[in-house]
Amino acid sequence: GELPRGVRYLVCADPPGPRIGNGGSTLHVLQCLEEQYGDQWTSFTVLLIHSGGYSQRLPNASALGKIFTALPFGDPVYQMLELKLAMYIDFPLHMKPGVLITCSDDIELYSTGVTETITFDKPGFTALAHPSDLAVGTTHGVFVLDPSSFSGKGGLEYVSCHRFLHKPDVETMQQSGAVHVRGERPQLSSSGNHGDSGMASECVYTDSVFYIDHSTAKQLLLFYKQMGTLCCEIDAYGDFLQALGPGATPDYTKSTSNMSKEDSGLVQVRQQLYSLLQGTALNVVVLNNSQFYHIGTTQEYLFHFTAESKLRFELDLQPVAFSIFPDAANTLDQLSIMQSILEPGCVIGPGSVIEYSRIGPEVSVGKGSIVSGSNINFIVDIPSDCFLSSVSVKINDRVEYVTMVFSVGDDLKKSVKLLSDIHSLQFFGASLPECLDLWSIEASDQLFSSEDTRLGLWTAKIFPVCSTLSESVRVSLNMLNSVQHMSAFKLSSFQLLSVEEMLTYKDVEDMLKFRKEIYDEICLQRQKEKS
């Protein structure tokens, strides 16, 4: 009962086989819409949210999906999905049939004049644009706006786009005319334009959400059907938008710098997409008074939820949301507690996030840590900068539990090809071989779960399977403790899984059951307090 009922929801998984990227998924979804609704979909306004991905940089979202990330406000707590629906609630009224495409870990907040509305009614593509520092531009898409149609004044402006740059370097932005000086940019210092503020007034306009009108979507669908099967990863941003606007050139189709795996097929598909989309308009809605936020990494997550972030202020994020929390909490403000039950006596350090967990009276959590989906009912000190997330797994029809533990700064995306290079993998400040020694695990190719010889923290089979949730937390914290104190802790008797395998064996229903128990207990407690 937390989602609006008057909407059709459709969940489409990628077809089996090789990964096809969010661009491939977009094409696949168009096909699902047509199969499910036939000609009806010609009149639909569709919100397409990409919610897959392994979420390697924010692994507490890996098992249940980024779009269901809990946010620290609302009663019961809102998840990213509800926030997306709320943010875009005004769009459909001013939208012709078509598809609005967005990711599941970004938030766009904007302010426009009373009479200004964002409309999506032009043929081709229409994208929202946000003023950003040049550094932000290097990791995003950047619009080169047509100078004749752009003034840079007012809250909202409709501009045509000359070309789209995908993750350009600063030099490329400057040479292609993407850099603007913002006249009315709010300065950090209230006094006149001196000191660094001259630098700060340079900006580029970066991408977020974009819309494809129905006839363009239909063209893309036809293209997808003619291709048969797709064997490479297409990027909805890089591979669709770079083909648009009068200044587009096909150079990008050959560049492999942004590919996760070099693909012979990719160049060909990009060239076909380029010739299909070339000449299609890219309209840009410039929101001068807006901000784009990304919550895709542990660092961003901790910052926006617990520090004095602008997002926290703008959304009025709460230190404690829909939780049972003892009154004795003194460092209240720099916390984020979501749908959790904390017993009197426990101590949570500043800058930490606790979600969907039960924390017993003799637990202390250090600073800047993340605890997710765990039950901790024993005496323990969880160190600072610790990432702890529990997953239910079903192995041979039995529900068991595994808890992954890392430092919030550990790089789960990093991988090496050779066993002799695994010393470059860091686990909580120690090299992986050091850790394996302490845990009595032999370093071999069998230690890693991936078929494609990627050796990394994501594929290392190091996490013990236990029969209860709290036991799995206890054992994983013992592993961590052994690394921190360089003391042995034997794991050889346990069945061990990698994070990758946890996601293969995950038991979503059991995880949701645990969340529901916490939910019911909080509701019950509220009832008691009221009566």
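Here the Karplus relation 6.51 cos²θ - 1.76 cosθ + 1.60, evaluated at θ = phi - 60°, turns the backbone of the stretch 396-404 into coupling constants of 6, 6, 10, 7, 10, 9, 9, 10, 8 Hz, with x for every Gly and Pro. Between the C-alpha center of the stretch 364-432 and that of the stretch 473-502 there is a gap of 9 Å. Is there a pair in Lys218/Lys413; Lys153/Lys254; Lys122/Lys153; Lys84/Lys528 whose C-alpha atoms are over 31 Å apart, and which pairs would that be? Pairs exceeding the cut-off: Lys218/Lys413; Lys153/Lys254; Lys84/Lys528. DSSP beta bridges fully contained in the stretch 322-524 are about 50 percent antiparallel.
Under 5 Å between amide hydrogens, built in the peptide plane, is the criterion, and for Lys96 it picks out Phe120, Asp121 among residues at least 5 positions away or on other chains. Here the stretch 344-387 is treated as a Stokes sphere of Kirkwood radius computed over C-alpha pairs; at 37 °C and 0.692 mPa s its diffusion coefficient rounds to 328 µm²/s. What label, among (1) 1.02; (2) 0.98; (3) 1.07, belongs to Rg/Rh (Cα atoms, Kirkwood Rh) computed from the structure on display? Computed from these coordinates, Rg/Rh (Cα atoms, Kirkwood Rh) corresponds to label (2). Roughly speaking, what % of Cα-Cα pairs in the stretch 284-378 are separated by over 23 Å, rounded to a whole number? The share of Cα pairs beyond 23 Å in the stretch 284-378 comes to 27 percent.
Apolar share of the accessible surface for the stretch 306-416: 47 percent from carbon plus sulfur atoms, 1.4 Å probe.
Computed with a 1.4 Å probe over protein heavy atoms only, the accessible surface of the stretch 322-524 comes to 43 Å² per residue. Taking all Cα pairs closer than 8 Å and separated by 6 or more residues, the relative contact order of the chain comes to 13 percent.
If you restrict to DSSP beta bridges whose two residues both lie in the chain, what percentage is antiparallel, to the nearest 5? The answer is about 60 percent antiparallel. The packing ranking, built from the mean of other Cβ atoms within 10 Å per residue, places the peptides 391-397, 456-462, 146-152 in the order 456-462, 391-397, 146-152, highest first. Computed with a 1.4 Å probe over protein heavy atoms only, the accessible surface of the stretch 15-97 comes to 44 Å² per residue.
Of all lysines in the structure, the ones whose alpha carbon falls short of 23 Å from that of Lys394, not counting any fewer than 8 places away in one chain, are Lys66, Lys461, Lys506, Lys513, Lys516.
Atom-type composition of the exposed protein surface of the stretch 95-169 places 57 percent of the accessible area on carbon and sulfur (1.4 angstrom probe). Using the Cα coordinates of the stretch 1-89, the gyration tensor eigenvalues translate into equivalent-ellipsoid semi-axes of 24, 20, 9 Å, sorted from longest to shortest.
The values are calculated or read from the model by the stated rules, or taken from the named source; none is laboratory data. This one's a predicted model, so the numbers in the text were calculated from it and none came from an experiment. Backbone-built Cβ (ideal geometry, glycine too); neighbour counts: all protein chains shown. Quick note on the areas: whole protein, heavy atoms, side chains included, nothing else; ligands and nucleic acids left out. Shrake-Rupley method; radii C 1.70, N 1.55, O 1.52, S 1.80 Å.
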